[in-house]
Structures are given as structure tokens and as C-alpha cells.
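Following: one structure in C-alpha cells, then a few remarks.
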Amino acid sequence: MSNKIQAIRGMNDLLPEQSPVWQYFERQIQHLMQRYGYSEIRMPIIEQTALFKRSIGEVTDIVEKEMYTFDDRNGDSLTLRPEGTASCVRAALENGLLYNQTQRLWYQGPMFRHERPQKGRYRQFHQVGVEAYGMYGPDIDVEMILLSARLWEALGLMPHVQLELNSLGSNEARAAYRDALVAHFEAHSDVLDEDSRRRLSTNPLRILDSKNPDMAAMLADAPRLMDHLDEESRVHFAELTTMLEAAGIDYVINPRLVRGLDYYSRTVFEWTTQALGSQGTVCAGGRYDGLVEQLGGKPTPGVGFAMGVERLILLLETLDLIPDTARPRTDVYLTAMGDAASREAMLLGERLRSDLPDMHLQLHCGGGSFKSQIKKADKSGARMALILGEDELASGQVGIKFLREERDQESVALDALAARLKTLLAEA
Ligand code: ATP
Ligand code: MG
């Protein structure tokens, strides 16, 4: 029997080699959010189960099959959050952020869904979520889309993603459409699969979302929500597309885009890519004007989206779009031979870090021969090794050995070292 305990399936470690790429992505996000005036909010990763049931909807894949739900020691039913919107609305309501004001918020963090793990689909995955409250018009919908488009530009992804749009209309319009849709499905009940038959009475819109190829032809002929919109939703959508066109954003209307969560109304959108196989949606969202009220607040419009961080990073890696500057660098590796020199090196390292705050200096710890230390210096990727041996110590000098260029070693007086390094670093 092996006594090694392993990680939970579908829940990944983020290794030191990968974390710089995540940090690069996170820096882009922070910068972007600041530029558009969005503030970060951090919610707990566990909530009362009722929060997700009431918001996402009982008859959805997430609530029916994917949630990590358990009783805590008090017997309360808790759930690891499968998404962030519900928590964000709860937090905003609970802290009075929606009272007589608009809000622009964002968050990032792990989400949990018990799905079949595969490339681009995990049981713990990460989202960046963006939400705005208190604004009814299509202008804020457009802002959200432009903000995401600017991120794709910054990351070099724009040529590889496509914007898909749909409108789900008002609740009333959707109810009328639902009847037309059910009639169509009933007329073709022979091609409905088991999942779809079950959904016919509970959530027929979701059948449109089915990826079953046997149902594709029947779904293509289904009545289109777009043709059943109420007047207000029609105008909202028309203004949205007009503004997107003015901003030069390409889109396609996908009448089958219904999203897997019940709280959406009017605008829904997804950014998709062909480069990741079937896990092609990298960002998805829409308007949810009824959700705040549903969770006990005053009627307050909301709109938002979430990006799948793993999928975006996979895409950046697949397309080789990670700039060299995203990787960590070491400028200088400080070696020391002998006990006295090692003690001095520790202090020298600290002095240099104080004098040159932008320099990345790694100190050799653990002793060893000159040769083995230089080997480590080389492996660190540093441009230069600093050499402090007993001779150097006695003469108050430090050696500078260049590891990446044909260049003579230099010998520099200790008190001139910081200035010399500053000059050398400015060369690169
Ligand atoms: P899918 O259709 O791929 O299951 P979804 O509609 O369930 O996606 P959302 O709930 O809209 O996804 O979540 C927003 C984004 O989060 C998705 O577009 C995707 O990029 C990412 N995402 C969702 N589920 C997972 C998962 N299990 N693993 C990794 N990323 C995920
Ligand atoms: Mg899903």
C-alpha cells in the first residue's frame, strides 16, 4: 500500500514554473479593472447551499449534478461556490453596496464543480468575474464587452476569439417563447434524448444548449428566441449591436446561446475560440435584471461575465503568446567560498538589495565548491555571478563573472560594487 496521499481528481497544483504566467495574466486584469473603474471584492469560497439553488436554478446542470455540497458540523448545508455571481450579489446586498448607487465590481478565485475532468475542464478551476449593478441600459453591456475585448487585445488573443451574442428577452417574452419551443419539441419527440425529455417540462430552453449531434437538425429548425422578443428587449439589443458596430467589435448572433444558469435575461454573450477543442468558451456572461430581487433585494439590474482562467492560460500557451518579460529573471547570483566569505556575502547581498531595489539577486546558500556554485549560478539564469572568496575578502574586492557573454571577468572594490552593477544592469 502506498502511503502517499494524492490530490483530489480534477484539482490541480499550480507549480512554480506556471505561476509566472498566472501572475502575468493577473497583472493584466488588475491594470484593466483599474482603468475602467472596477473595484475588487473578495467573497468566501463557501456559502449556504440555498444561495446557489435559488439563483442558478434547481433544474440546471450546476445545481443538479455539479455542486460540492456538504453538511457542516452544525448540520447546515454548505456548498463550495460553483461560480461567483450569486456570492457577489449576496455580498453586495448584505453590505449595502446596492442602496441608491451603481457599482462596478470584479473578483477572482477558485470555483468548484464536480464535472468530468479533461483538458480545459477541472473540478477546481478559476474565474475572473466582473459585475455591474444599477444600470438598465445597453451601454453597460457594451462596456463589459469592450473591456473584455481590450483584454484580448492586450494578451494578443483578439484574432483567435469570436464574440457570440443573443438576447433572452424579458421573463414574459421568454415564457411565451417557451410555449412555442415546447410545441416544436413535442412535434419531434422521437429525436429527443433522455436528458432533453426530462427538461421538456422543467427547463425546455436548456435543450437548445444540447451538444447531441442527433438532435442538431431538429434544433436548427426550432423557433428562435430572437423572433419572440418583447419590444423593450428588441430595442435594447438593437442599441447594443449598433454600439458594438460603432466600436468596431465583430460579433455573430447565436440564437441557441441560452447559458447554463437560470438568472439571465436580455443580453447574453460568450467569447469562444476554435483553438481549444470542445472546451471553447473562454468567457461568458450577460444581464440578470431579476437576480437581486430574487435574492431579497430591491429590483436592481445587473450584468456581468466570468472568464475561465485555465482556458485562457491554455490558449496563451497553445498560441505561444506569453512574452519573455512574464518569466522571472535573476540578474545576479552571489557566490561565496568559505565560512567568513559566506557570512560577509549574506550582508553584502542585503546591502546590494537596499542600494539597487530593481535588481534581482539570488544568494548562494549551503556552501560547496566554486565549480558547483557557478553551476547553480548558471542554472539560475543570472547574467552575472558575483564571486567572494577568501582572497577577495582580504583585498576588499569582488569578482564579477559574466555568464552569458564573452567578456573578461572584472574585479571591483566592495564600496564601488553597487555603482558598477547599476551601470552593468542598465546596459542590458
Ligand atoms: P461549459 O459550457 O464549458 O461547461 P459553462 O457555461 O458551464 O461552460 P460558466 O458557468 O458560464 O461556464 O463559466 C464561465 C467560464 O468559466 C466558462 O466559459 C469557462 O471558461 C469557465 N469554466 C466553466 N466551467 C469550468 C470548468 N469545469 N473548468 C474550467 N473552466 C471552466
Ligand atoms: Mg458547464
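Working from Cα positions, state the angle (0 to 90°, nearest 10) between the long axis of helix 231-246 and the longest principal axis of the chain.
30
From the C-alpha gyration tensor of the range 166-239, pull out the three semi-axes of the equivalent ellipsoid (sqrt of 5λ each), sorted largest to smallest, in whole Å.
With the √(5λ) rule applied to the range 166-239, the semi-axes are 24, 12, 10 Å.
How large is the translational diffusion coefficient of the range 10-71 in µm² per second when you combine the Kirkwood radius over alpha carbon pairs with Stokes-Einstein at 10 °C and 1.306 mPa s?
Estimated diffusion coefficient is 105 µm²/s.
Per Stokes-Einstein, at 37 °C and 0.692 mPa s, what whole-number D in µm² s⁻¹ belongs to the range 126-218, with the Kirkwood radius over Cα pairs as the hydrodynamic radius?
199
Assign unit charges at the C-beta atoms only (+1 for Lys and Arg, -1 for Asp and Glu), then state the dipole size of the range 58-206 relative to its Cα centre in Debye, rounded to the nearest 20.
That gives the range 58-206 a dipole magnitude of about 400 debye.
Farthest toward the dipole's positive end in the chain, which of Val332, Gln6, Pro20, given Cβ charges of +1 (Lys, Arg) and -1 (Asp, Glu) about the Cα centre?
Comparing the listed Cα positions along the dipole, Gln6 ranks first.
Along the charge dipole of the chain, Cβ charges K/R +1 and D/E -1, which of Ile374, Leu244, Thr318 sits furthest on the positive end?
Ile374
Where the only charges are on Cβ atoms (+1 Lys, Arg; -1 Asp, Glu), what is the dipole of the chain about its Cα centre, to the nearest 20 debye?
860
Using DSSP to call loops (not H, G, I, E or B), can you name the trypsin sites (Lys or Arg not before Pro) in the range 255-362 whose Cβ has at most 13 other Cβ atoms within 10 angstrom?
Arg329
Just the number: Rg to Rh for the range 329-426, Cα atoms, Kirkwood Rh, two decimals.
Across the range 329-426, the Cα-based Rg/Rh ratio is 0.91.
If you count only protein heavy atoms with a 1.4 Å probe, what accessible area per residue comes out for the chain, rounded to a whole Å²?
Here the residues of the chain average 50 Å² of exposed surface.
Once you wrap a convex hull around the alpha carbon atoms of the chain, what is its projected area averaged over all directions, in nm²?
So the Cα hull casts an average projection of 29.1 nm².
With all protein chains present, how much of the accessible area of the range 329-426 (probe radius 1.4 Å) comes from carbon and sulfur, to the nearest whole percent?
Ligands and nucleic acids excluded, carbon and sulfur give 50 percent.
Using +1 on the beta carbon of Lys and Arg, -1 on that of Asp and Glu, and nothing else charged, what's the dipole of the range 329-426 about the Cα centre, debye to 20?
Approximately 420 debye in magnitude.
Where the eigenvalues come from the Cα gyration tensor of the range 8-137, what are the semi-axes √(5λ) of the equivalent ellipsoid, largest first, in whole Å?
In descending order, the three semi-axes are 25, 23, 13 Å.
For the range 1-101, which GluC sites (Glu not before Pro) pass both filters: DSSP loop (anything but H, G, I, E, B) and at most 13 other C-beta atoms within 10 Å?
Those that pass, being in a loop and sparsely packed, are Glu17, Glu58.
Please calculate the 1.4 Å probe accessible area of His360, with all protein chains present, and give it to the nearest 10 Å².
The accessible area comes out at roughly 80 Å².
Convert each backbone phi in the range 145-157 into a coupling constant with the Karplus relation 6.51 cos²θ - 1.76 cosθ + 1.60 (shift: θ = phi - 60°), then list the ³J(HN,Hα) values in order as whole Hz, x for Gly and Pro.
5, 5, 4, 5, 4, 5, 5, 4, 4, 4, 8, x, 8
Among Gln30, Gln279, Gln118, which one moves the most in a GNM of the chain with springs linking Cα atoms closer than 10 Å?
Maximum fluctuation in the GNM of the chain, among the listed residues, is at Gln118.
Can you list the GluC sites (Glu not before Pro) in the range 129-202 that are in a DSSP coil and have 11 or fewer other beta carbons within 10 angstrom?
Passing sites in the range 129-202 do not exist.
Can you pull a Stokes-Einstein diffusion coefficient for the range 217-352 at 37 °C (0.692 mPa s), Rh from Kirkwood over Cα pairs, as a whole number of µm²/s?
Taking Rh from Cα pairs, D becomes 163 µm²/s.
Which residue, chosen from Val130, Tyr107, Thr272, occupies the Cα position most advanced towards the positive end of the dipole of the chain, where the dipole is computed from +1 (Lys, Arg) and -1 (Asp, Glu) charges on Cβ about the Cα centre?
It is Tyr107.
The values are calculated or read from the model by the stated rules, or taken from the named source; none is laboratory data. Just so we're clear, the structure is a prediction, and the values are computed from it rather than from any experiment. Heads up, the Cβs are rebuilt from the backbone with ideal geometry, glycines too, and the neighbour counts pull from every protein chain shown. Each accessible area value is taken on the protein alone, full model and side chains, heavy atoms only, with ligands, DNA and RNA left out. Shrake-Rupley method; radii C 1.70, N 1.55, O 1.52, S 1.80 Å.
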